[in-house]
Amino acid sequence: MLGATHRDMTVAGPFSDSERDAVYRAIHTRRDVRNEFLPDALDADLILRLLAAAHAAPSVGLSQPWNFILIEQEANRRAVHALFEAANNEAADRLEGDVKRRYRALKLEGILKAPLNICITCDRKRGGEFVLGRTHHPDMDLYSTVCAVQNFWLAARAEGVGVGWVSIFDHRRLADLLGIPDGVEIVAYLCVGRVAELYRKPELESKGWRDRMPLDRLIFSERWPEESHVLRLYREISVKP
Ligand SMILES: Cc1cc2nc3c(=O)[nH]c(=O)nc-3n(C[C@H](O)[C@H](O)[C@H](O)COP(=O)(O)O)c2cc1C
């Protein structure tokens, strides 16, 4: 039966000041971690709390299209790392000169250093033929899975756990390695572990690769502005490399 009773509802007021501050602190101090992982294993309860946070994410039509593959054995992480190396060499080969040298100097994964890796997938058939909200936008299941990733990342920050997202892979080769069937797509490969310290701002910003854009340049009023206006706005934003 469709329809909610008052027993299904709860109050929706704002959090207390300290609770609200904690939420914003998690959001603003979350970082992508590559090199700062400590080797300490994470206990099972903690991992389950983080996965429960991911599983609480919104999903199109409540389809919950995600799965979480936990990869801890070193031999398996080494095999994944080899795939990263191959893809990263291909990425570097698209660059030349100083930019290539600067790209090469960046560490872009923590696959071997992090004690836990998690591959988060999206089952494109989850929810059956008709998924409410997916009728006109089939990729909404992928967006839903990204929401789960972000929940995981923020909860991890609150728990003092670092997370690094590695996307420099040939996903077909990674799917073969992990035995992922057709119809299930890799959305995120995360390196997870305790961290001693975090960058204050994005590491790519600290290392001069790219700056955070000013928020006020990204907000438009009522509709997308004239092209000349957009060009002027974007020219003012320093984009590297
Ligand atoms: C979809 C996605 C893919 C990413 N892939 C990589 C990656 O392959 N390697 C890497 O070092 N960082 C990766 N990152 C992390 C971004 O570089 C990072 O989020 C960005 O520089 C901002 O830094 P912050 O997350 O510390 O705020 C990825 C982030 C996202 C959201």
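Miscellaneous remarks
- Peptide ranges 188-194, 80-86 listed from the most packed, as the mean C-beta count within 10 angstrom indicates: 188-194, 80-86
- With K and R counted +1 and D and E -1, the other residues having a Cβ less than 15 Å from that of Pro115 yield a net charge of -2.
- Solvent-accessible surface (1.4 angstrom probe) belonging to Asp43, in square angstrom, nearest 10: 90
- Rh (Kirkwood; distinct C-alpha pairs) - region 115-197, Å: 14.1
- For a straight C-alpha distance cut-off of 13 angstrom, the aspartates and glutamates reachable from Lys201 (same-chain residues fewer than eight places away being disregarded) are Asp32, Asp211.
- Kyte-Doolittle at least 0.5, axis length at least 18 Å by Cα - qualifying DSSP helices, the chain: 140-158
- Protein accessible area in the chain, 1.4 Å probe - carbon and sulfur %: 54
- Accessible area of the chain divided out per residue, in Å², using a probe of 1.4 angstrom: 64
- Computed from the Kirkwood radius of its Cα pairs, the Stokes-Einstein diffusion coefficient for the chain at 10 °C and 1.306 mPa s stands at 77 µm²/s.
- For peptides 25-37, 145-157, 221-233, sequence by mean Cβ density within 10 Å, most packed first: 145-157, 25-37, 221-233
- Which of Arg101, Arg126 is most accessible, then next, and so on - probe 1.4 Å: Arg101, Arg126
- Considering only the chain, percent of DSSP beta bridges that pair antiparallel, nearest 5: 95
- For Leu46, the shell of other residues with beta-carbons less than 15 Å away shows a net charge of -2, using +1 for Lys and Arg and -1 for Asp and Glu.
The values are calculated or read from the model by the stated rules, or taken from the named source; none is laboratory data. All values derive from a computational prediction rather than experimental measurement. Quick reminder, even Gly has a Cβ in these numbers, built from the backbone with ideal geometry, and neighbours come from all protein chains shown. Just the protein is used for accessible areas: all its heavy atoms, side chains included, with ligands, DNA and RNA removed. Shrake-Rupley method; radii C 1.70, N 1.55, O 1.52, S 1.80 Å.
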